[in-house]
Amino acid sequence: MIGIGIDTGGTCTDAVIYDTEKNQVLAWAKDLTTKRDLKVGISNVLKKLPEDQLKLCTHAALSTTLATNACVENIGGNGRLVFIGIDEEVLQDTYASYGYQSLEDVYVLKCKITDSQKESEEPDWENFKEDMEDFLKGADCVSIVQLFSAAHLGAYEKKAAEVIKGLYPVPIILGKDLFLDLNAIKRGAGALLNARLVPLIYQFVQAIDKVFLSMGMEIPTTIIRSDGSQMSKKFASLHPVETLLSGPAASIVGGISLTEIADALIVDMGGTTTDIAIVKNGIPKEVEKGIQIGNWKTFVKGVYIDTFGLGGDTAIHYKKSSGLYLENYRVVPICSLASRYPYVLTELKALVCSDTMDSHFAYEYICLLKDIEQDDKYNKDEKALCRAVTEKPLSIREAAKVLNSEFYIIKRILTRLEEDGIIIRSGLTPTDIMHIKGDYTEFNKEASIYAARLVCQSYYGKELEELCDSVYEMVEKRLYENIARIILTTECEELKNETLDAQSQSLIHYSYQLAKKGLGECSLSAPLFQLKTKLVGVGAPMHIFLPEVARLFGTEAILPKYASVANAIGAIASKITVTVDVYLRPRPNREEGYDAVMPEEKRFFLEYEEACEFIKQAGCDYASQKAKERGAETVEAKYEVIRQEASTGYGVIWIEDIYRITATECTHA
């Protein structure tokens, strides 16, 4: 079968036409992601594909880094969270550790809830209804999470949803439909994040639908989940948190498909972030306790991917105290902006010729992403700034003149609007440096040169060539240090899943310095980190940076032919798959019988064989149903049994049997 794979990243949108039976790329294309109107970029990239081959496509699969980048850049919609039965003191003490920025968007409905329905008490629903009228104003989506949701089958969540439906036209997501794990506050973090992401994914899905409709293509489409499997658009629209690592997961599937290497670190550098995954024996390592991205800790299941802020579009800045440095966030490369708006180059030339010494990033521009004129959330200065850049981007200096404001006031306004995804800055980036050095020439090289010269004459005080070399080395250094950090936190038992302290980070930095010197110049010691596995590079800039990083680790960099579109390949090469763990346990305290523990129910059986048969049948049915909810039509379910035992002074005792059931679609819809 022939299908279309599409990846909408923070910078570029990629598309491939792929033969899923032969695992063969038939055609591919890239274009810029247009954040203000996603369908423009998607339409542009599809138009670059051969029309005759597009007509042969029977299905499409999509991956996106929109959710990933939203977390890293701390942007999103106006999500709300209703907690039911949560201890407010515990919430106050712990919320920040799970990624909540504040509790302004969280409402706690007080009531007593235990794991027993009989011992639980109903909340004051009338008071709840009154409070919701103010709490929901301006909300894009609301999630509802109750204590002991699995034990109560989400009964209070359902009642709260009914109240909200009668008050406010907003999407409502029940916590029980997202996660059933223990730790309600962590479930709430994932649920609130889900509510914040709903507008972003809705916009993405709408863009895809409109583009396909305009091209006369009526084909089923799916979206990639964080575990590398697919789900339907409808399912994804209400469960966008499942796309947290959609793009990175697709890159892993693509990297495996392109190389067939059994053991590797897959390194995917995009415009905003770099994602690193570990593959052993051809199988990606899975995350153990739910995905953590940025400060958010969730129960989202997925492949292990370490994401950090580093991409072709990472902002380059300078401080007198620390010198040239890379930020952790994305801006639009100045070369890209100048390609679309030629006056940008003219203004940059004028600044350089005026011999400007400016400490306020005179080369940076402000671009509008969303109109806020009718939004009461924003004040008059914020709206005035957005009006000023409605027709075209303005330099920060010009924006300050329009508002008759000092730079520090503009900076404060910019920070809030950037966090809300209303505007984005354009400035100097590694992509611009690639243009200057001739390693990438898609956009306006002259604009990159003039912006870099402004940095040199205003802050850096060195030659252009030295600035370019310094930026390349900073990118390589950040790659090296993060790979070394991943080695320590995954291989070293004492440091597993830990945040490295200052001493460990200093050790990594020291190892980098030793590796750069080479063995011949090291007097007493050698570099501390050497890799047995190869580094597989996917993403457009990897051919520039990964070979040197691999050399520093004493290994080899593999750069597949279609590495720049690996995400799109991974999207179309994947399938809808659901994995469920079901448990068979002996009754406690030597009681007779067995418990079969399903995700949403528990059954007692007197006979072991009867319990086993129930788990096989009910577990396969449950996993198959979940696969169909995600868009599969024909499903095949299989299981493996993992016996858990423990050694005691009385011998080996049986703890439980884990039935790991996997339901996979047989064919595309």
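The values are calculated or read from the model by the stated rules, or taken from the named source; none is laboratory data. Computed from a predicted structure; not experimentally measured. Note: ideal-geometry Cβ built from the backbone for every residue, glycine included; neighbour counts use all protein chains shown. Quick note on the areas: whole protein, heavy atoms, side chains included, nothing else; ligands and nucleic acids left out. Shrake-Rupley method; radii C 1.70, N 1.55, O 1.52, S 1.80 Å.
Quick notes on this one:
- Eligible lysines near K47 by straight Cα distance, threshold 17 Å, same-chain separation 8 or greater: K30, K39, K55, K210
- Computed from phi, the 3J(HN,Hα) profile of the range 130-143 under the Karplus parametrisation 6.51, -1.76, 1.60 (θ = phi - 60°) reads 5, 5, 5, 4, 8, 4, 8, 4, x, 6, 8, 6, 10, 10 Hz, with x in place of Gly and Pro.
- A cut-off under 10 angstrom between Cβ atoms defines the neighbours of R643, and their net charge, with Lys, Arg +1 and Asp, Glu -1, is -3.
- Within the chain, helix-based [θ] at 222 nm, where runs of 4 or more DSSP H residues each add -39,500 (n - 2.57), nearest 500: -12000 deg cm²/dmol
- Take each peptide in 593-599, 477-483, count the other Cβ atoms within 10 Å of every residue, and average; sorted highest first, the result is 477-483, 593-599.
- The distance linking the range 560-608 with the range 624-669 is 4 Å (Cα centroid to Cα centroid, whole angstrom).
- Atom-type composition of the exposed protein surface of the chain places 48 percent of the accessible area on carbon and sulfur (1.4 angstrom probe).
- With all pairs of separate Cα atoms included, the range 323-460 yields a Kirkwood hydrodynamic radius of 15.4 Å.
- Reachable aspartates and glutamates from K370, criterion Cα separation under 17 angstrom, eight or more residues apart if same chain: D37, E73, D140, D381, E382, E391, E418, E419, D420
- Å² of accessible area per residue within the range 574-669, as computed with a 1.4 Å probe and no ligands counted: 60
- Reachable lysines, given that their alpha-carbon falls under 20 Å from the alpha-carbon of K112 and they are not under 8 places away in the same chain: K129, K158, K159, K176, K186
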